[in-house]
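Undergrad: After the structure tokens below, expect a handful of questions from me.
What follows draws every value from the coordinates through simple rules; no lab data is involved. All figures in this text were calculated on a predicted structure; none of them were measured in a lab. Using ideal geometry, Cβ is built from the backbone for each residue, glycine included, and neighbour counts are taken over all protein chains shown.
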Amino acid sequence: MSTEFVLSIAERGVWIVLIVSGPLLIVALALGLIVSIFQATTQIQEQTLAFIPKIVGVLACLVIFGPWMLSHLMNFTYYIFSNLHRFIG
């Protein structure tokens, strides 16, 4: 197993992690920004107010993007298992 092969698998793994976690992080970031602007304009400084919309938004995002995320992870897992003979040798 060459160094280039290991680096390509590691690069692909990191790329898959970024692609799969991207929609969830973007939704959480956007909702956090909206709640922060709302808290700043109304001067409501309740700490739990920031968590509830994020939890609901990320849960909705998981329901919407879940099958897409699962297919990406399954394709990567299939790639790893189908090339298992190249790892041992």
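Undergrad: Round to the nearest 0.05 the FRET efficiency obtained for T77 and A28 when R0 = 25 Å and r is the Cβ-Cβ distance.
TA: Given R0 = 25 Å and the Cβ-Cβ separation, E is 0.50.
Undergrad: One-quarter of the Cα convex hull surface for the chain, in nm²?
TA: Answer in nm², one decimal: 7.5.
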